[in-house]
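First the structure, in the form of structure tokens, and then the observations on it.
Nothing in this text is a laboratory measurement; each read-out follows from the coordinates by a stated rule. These figures come from a predicted structure and were not determined experimentally. We place every Cβ from the backbone using ideal geometry, glycine too, and count neighbours over all the protein chains shown.
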Amino acid sequence: MDSRMLVSLSSLNRHAVATRADVGIPKAECLKKHFSSIFPECQVDAKVLLYDVSSEEEILSGNPDFVLDCIDNIDTKVALLAACVRRGLKVLSATGAGARADPTRIRVADLRESTNDPLSRSVITQPCFNFQSPSLLRYFSMPLRICALVRHRLRKDHGIEGGIPIVFSLEKPKAKLLPFRGPSGEEDNPSDYQVRMLASSFCSFKIVPGFRVRIIPVLGTIPAIFGQVMASYVVTQLAGLDVQTEPVVNLDVDHYQTLFQRLIEHEELVYGADMQVQVDVEEVQYIVKELWRGRSARELSPKDVGRGMWRSVNELMLVRWDQAKAASVSNLVLLKFKEADEHEQRSLDDIKEKEPEFFHRVTSVLKRAEQDFGL
């Protein structure tokens, strides 16, 4: 556990283990005390330090089974995630839980998929520091898609496209940064206040570049649920339990109805009737969302996100994987129009011989449908 942050009165509402007695001590030490009280035999190494290049080896050495990233500073978060990928370490990253209230909209998805919902936004306070002239310190707020920003930085600075699981919320933030007020109770400039306090002999803290001073309103239950989601994910991963997280597919009923109708029309055109269509709209939703994650079976990673996914439906259709079998929940594959035409001109033996990886991937997905429906 690595944290240089202290338990404060204002943060007690969102701590699962801290109490009034813990105010003023490092969060890492607080967690260590809590874990030790539950399981005294465990060995907890609590490091009270900030992650950066100089501390990377100390924090990440020893080949940890899993790294949980709960950092709320973009630069530090990107650096940690890149280091984990470079070292081949399993890592799970959490985005901000502030200003959100709906626990049902929390999701786990690959970084590539984590910006699918256009409402997945947050407000980050990004400081601009001019250390040559401290009086010019200033703060400004920008509405940013945290996942998109992290993904952009990882791709641009480290060549990492995805492969990192992210815990995030699809919910639009319910509130903005609270106004900053000084000791007098008057609204103040947080940066100027820091500078004045630093000039005081009674102050021992210092400015940490990239960390906010103003407060993002937090409903205490949501960060705790983020943590429980992360804990469940890690425990099941370490146990080898195959848990299929809910795909981030922002299609509505009309999209699934369109794909269902397209299937009916295609069956009538190719097979002369729709008698062998053994699915309804609800099952089409399961096939498209749960099995194929809203994209062509030939796409290994998402290319269309947000509203782009809506547009992609215009060129997608469900066709039989095995043309000799009925169009059932375990025999339908989602493909683009051209891919569907090419598929229906080939045999499964030909696909298995020339594209064994694709064949195995599709048959594995369809096998899951059989298990889910008890076929």
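Taking the Cα centroid of region 55-109 and of region 235-292, what is the distance between the two, rounded to the nearest whole Å? One Cα centre to the other: 32 Å. To the nearest 0.05, how large is the calculated FRET efficiency for Ala326 and Ala148 if R₀ is 35 Å and r is the Cβ-Cβ distance? Result of the calculation: an efficiency of 0.25. In this simple spin-label approximation, Val53 and Asp157 carry label points 7 Å from Cα along the Cα→Cβ vector, and these lie 1.1 nm apart.
Computed extension gain for Thr19 through Met5, at 0.36 nm per residue and net of the alpha carbon distance, reaches 3.5 nm. Taking 0.36 nm per residue of separation and subtracting the current Cα-Cα distance, fully stretching the chain between Leu375 and Leu300 would add 24.4 nm.
In this structure, Leu269 and Thr104 have a Cβ-Cβ separation that, at R0 = 35 Å, corresponds to a calculated FRET efficiency of about 0.30. With a Förster radius of 22 Å applied to the C-beta separation of Arg87 and Phe39, the computed FRET efficiency comes to 0.20.
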